[in-house]
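Take a look at the structure below.
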Amino acid sequence: MAAALAATTGAVTAQDIEDPTRAPYYDSFKDKTVAFLPVSMGIDLTEGWAAGIKSALEPLGVTIEIRDPNFNTAAGAQALTSLISEKPDVIVVHNPDVQSYARLLRRAEEAGIYVVQVNMRSAYSTDAFVGADYVGMGRQIGQRLVDLCSPDNGKSGKVAVTQGVLTAAASIYQMKGINEVLNDHPEIQLVSNQAADWDATKAKNIAATVIQQHPDLCAITGFWDVMDVGTAAAIKESGQDVYLLTQGGGNQATCDAIAAGSFDESVVYNVPGQARDIANIIKQLLQLKPEPGAMKTTLFTQLEFITADNMDSGTCWKLPGQ
């Protein structure tokens, strides 16, 4: 009887033990505010990041605020200036280019605000960056162009690049990687390298002109799938067999375009995964409380090259209600 009573008492005591990490974890997020400054809402990338950040942090009591400059860099700089005055705990920023926000990001950290950059870097490095390794991505794309278009494989060797904004990190670093590969392959001719400023209409006009000038063009690689809808339309209207290699966050629209034959291939940096990484970085910052600007963390996103041959029903993700 004594042994049984001791065992029962021990069981009750063990059940009453508190997890010592639980209360500090939830207290770290109480009354905290995270501000998200995208280049624009209304596109799959930013809507996906916002949805993922909200689903991860709002249940913890974190307030999420979104400031939408709608592709207006001046408006974005003004919004960032206002946020510095308002002092949220964290700012998540999607930079339009490498320079426009650089001084403001430094000011934000000096004001005691953590800053997390997503997918397009500023020239100024903040507490954290989550996104694609665009130099490495460019190298992989450059090698794909070599493999696809080499005269050794019976192709013309002629390729074209449609960039976004020339001063954006996605363009600058990616072209560095592409050029590193193509410089070692003189058999590949880069017959066009132009910027469409993330605009599908501009991309379509550029592609139509290049195909007209080079009817034996082998491939076009564009720097954003939403923009490359225009490139795909120009290829279709030309009637030429031009391989289209695009890239993006892996939204369902991309898989649909590949299935329809509009895109031949897409390099995907998974947006839901990036949102999860952003949320986890924010959780770490709010728990560890380092001095803003003292920690420089990079989380590069794993890339996936998607074609009709390797995609399935779960390859791409959907926005709520899509």
Handout entry: segment 20-48 residues that are free of Cβ contacts under 8 Å to residues at least 40 places away in the same chain and surrounded by 16 or more Cβ atoms within 10 Å (Cβ to Cβ), paired with ones that are in a loop (DSSP other than H, G, I, E, B) and of a type in the set (A, V, I, L, M, F, W, C) (beta carbon under 8 Å, 6 or more apart)
Key = SER40/PHE71
Exercise for the section: Could you please let me know if GLN252 is open to solvent by 30 Å² or more (accessible area, probe 1.4 Å) and either more than 23 Å from VAL118 (Cβ to Cβ) or in contact with a Leu (Cβ under 7 Å, 6 or more places away or on another chain) (or both)? Expected result: no
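For segment 148-181, which positions are assigned to a loop (DSSP other than H, G, I, E, B) and basic (Lys, Arg)?
The answer is LYS155, and nothing else.
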Problem - Close pairs (6 angstrom Cβ cut-off, 6 or more residues apart or separate chains): more than 17 Å from ALA275 (Cβ to Cβ) and in a loop (DSSP other than H, G, I, E, B) in segment 106-124, open to solvent by 40 Å² or more (accessible area, probe 1.4 Å) and not hydrophobic (A, V, I, L, M, F, W, C) anywhere - result: ALA123/GLN99; TYR124/ARG106
Practice task
Report whether or not GLN163 is at pLDDT 95 or above, closer than 21 Å to ASP264 by Cα, surrounded by fewer than 20 Cβ atoms within 10 Å (Cβ to Cβ) and touching a strand residue (DSSP E or B) at 6+ places or on another chain (Cβ under 8 Å).
Solution key: no
Problem - Among the residues listed as TYR124, TYR114, TYR101, the single one being over 17 Å from the mean Cα position of the chain (by Cα), of a type in the set (Phe, Trp, Tyr) and open to solvent by less than 20 Å² (accessible area, probe 1.4 Å) - result: TYR101
Handout entry: Pick from segment 265-318, criterion of a type in the set (Ser, Thr, Tyr) and in contact with a helix residue (DSSP H, G or I) (Cβ under 6 Å, 6 or more places away or on another chain), ranking: surrounded by the fewest Cβ atoms within 10 Å (Cβ to Cβ)
Key = THR315
Problem - Flag for ASP184 being more than 16 Å from ASP264 (Cα to Cα), under 26 Å from the mean Cα position of the chain (by Cα) and not in a helix (DSSP H, G or I) - result: no
Fill in the blank from the handout: In segment 255-264, anything loosely packed, with under 14 Cβ neighbours inside 10 Å and at negative phi is listed as ASP256, ALA259, ALA260
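The values are calculated or read from the model by the stated rules, or taken from the named source; none is laboratory data. Fair warning: this is a prediction, and the values are worked out from it, not measured in the lab. FYI the Cβ positions are ideal-geometry reconstructions off the backbone, even for glycines, and counts take in every protein chain you see. Accessible surface areas use protein heavy atoms only, side chains included; no ligands, DNA or RNA. Shrake-Rupley method; radii C 1.70, N 1.55, O 1.52, S 1.80 Å.
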